[in-house]
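The structure under discussion appears below in the form of C-alpha cells.
Derivation of every value follows stated rules applied to the coordinates shown; laboratory data play no part. These figures come from a predicted structure and were not determined experimentally. Here the Cβ is made from the backbone with ideal geometry for all residues, glycine too, and neighbour counts use every protein chain on show.
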Amino acid sequence: MMWVYAVVPAGAGATNLGTGAADEPLELIDLPTAVLRAVVGAVEAPLEPSEAALRAHDAAVRRAAAALEAAVPVRFGQTAVDGATLDRAIAPRAATFAGALDQVRGCEQMTLRLFGQPDPLPPADPSLGPGARWLARRRAEQAAAPELEAFLPQLAGLTRGERLERAREARGAPGLVVSVYHLVPRELVGSYRATAEAGAASLAPRQLTVSGPWPAWAFAP
Amino acid sequence: MSLEPVREGDDERQASLLELVDHVLDKGAVIDGELILGLADVDLVYVRLSALICAADKILPRP
C-alpha cells in the first residue's frame, strides 16, 4: 500500500526526502499519464490518525515542499494500491494539479484565525418563506467579521493567493469566527507576519492568531 | 483515534492541535474519497468524495 504525501511537478527530483508518517522511506514516483510525480511511502496498512501521525505527515510534506520546486500537499489518509492506480486517480485532474503547482511555487501558506464573539445575526424576516429565510441567514453568516475587510488589504501586497473560510457552525459562545489562508512568497513571510501581528490590535476585542509558514494545504485542489 | 485529551489551560497545545487538524485532516488534496476517522473528543463527519472533515473549529483556544 502506498501512502501519498504530495503531488509535485514532472521532473522534480530530490536526493533525500527523509521518512514518512510510519518511518518509511519516502520516494518520488512518476505519474506518466498525469505527467506529474508524487511523494509516497510504502506502508503495511492505513495509519491511525494519532497526533503523532498527523505531525509526521505534515513534517514529510514540509520536507517535500522544501526540497522540491513546488508541492501540493495531500490530505492525511490518502492511499493507493500502487503507482499505476495513483496515476489513474490523479490523471483526470492533472491540469488542475498543474495549475495549483504553478500557484504555490515559491510560496508558503500563512494562516490567520479570528476568534471572538460571533456577530449577532439579524432576526428572520417573517414575510419570507423558509427557503428565502435560509438563504438570508447564509448571506448574513457570510458577512460575519466585517472588520477583516479593513484589515486584509494591509496584507494584499504580500500575498499571492487568499482563501477565506467562515466557521461552519453558528454558535453563541466565543470561538472561531473566520480563518484566512494566504499564499506568501517565501522571501516575504517575515514581512507578512510582522504586518499581520502589528494590525491584530485593530481587530479587538476579537483575537487574531497568525501561524505558519505551512505547506500550501489550503490551496490544494 | 488516540489523541490525548487536551487539558484545560493548555492553550498552546490546543492552538497547535487546531492548526494541525485543520491543515492535515481538513485541507490538502483528496485522491480517494472514502475516509473514516475517529478522533477522541472531536466531532467528526463521515466524508465521501468532495465532503469535508469538520473538526478543526471544535478545538478552540480560550479567549
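Could you work out, residue by residue across A:71-82, how many beta carbons of other chains sit within 10 Å of that residue's beta carbon, and then give the average as an integer? Don't skip to the end; give the middle numbers.
Values: counts 0, 2, 5, 5, 13, 11, 12, 7, 3, 2, 0, 0.
Taking the mean over all residues of the peptide, I get 5.
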Legend entry - Estimated inter-spin distance, A:Ala45 and A:Ala150, nm [label 7 Å along Cα→Cβ]: 5.6
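Longest segment of chain A with no GluC sites (Glu not before Pro) in a DSSP loop having at most 15 other Cβ atoms within 10 Å?
Details: sites that count: A:Glu44, A:Glu69, A:Glu169.
Counting at most 15 other Cβ atoms within 10 Å as exposed, the longest clean stretch of chain A is A:70-168.
For A:Ala124, what charge total do you get from the other residues with a beta carbon under 9 Å from its beta carbon, if Lys and Arg give +1 and Asp and Glu give -1? Could you put the intermediate results ahead of the total?
On the way: positive: A:Arg133, A:Arg137; negative: A:Asp125.
With Lys, Arg at +1 and Asp, Glu at -1, the neighbours total +1.
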Inset, instruction - Compute the acute angle (0 to 90°) between the alpha-carbon long axis of helix A:189-199 and the principal axis of greatest extent of the alpha-carbon atoms of chain A; round to the nearest 10°. - result: 20
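So what is the calculated 222 nm ellipticity per residue for chain A, using -39500 (n - 2.57) for each DSSP H run with n of 4 or more, over all residues, to the nearest 500 deg cm²/dmol?
On the way: 6 runs with 65 residues, N = 221.
Roughly -9000 deg cm²/dmol at 222 nm, from the helical runs in chain A.
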Inset, instruction - Can you check what the net charge comes to around A:Val210, using other residues whose Cβ is under 9 Å from the Cβ of A:Val210 (Lys, Arg +1; Asp, Glu -1)? - result: +1
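Would you kindly calculate the translational diffusion coefficient of the range A:1-70, applying Stokes-Einstein with the Kirkwood radius from alpha carbon pairs, for 20 °C and a viscosity of 1.002 mPa s, and quote it in µm² s⁻¹ without decimals?
Values: Rh = 12.1 Å.
Estimated diffusion coefficient is 177 µm²/s.
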Legend entry - A:Arg88 versus A:Arg138: modelled label distance in nm, points set 7 Å from Cα along the beta carbon direction: 3.6
Legend entry - Cubic angstrom per residue, convex hull over Cα atoms of the range A:146-221: 100
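Over the alpha-carbon set of chain A, divide Rg by the Kirkwood Rh and report the Rg/Rh ratio to two decimals. List each step's numbers first, then the result.
Values: Rg = 20.3 Å, Rh = 19.4 Å.
Ratio of gyration radius to Kirkwood radius: 1.05.
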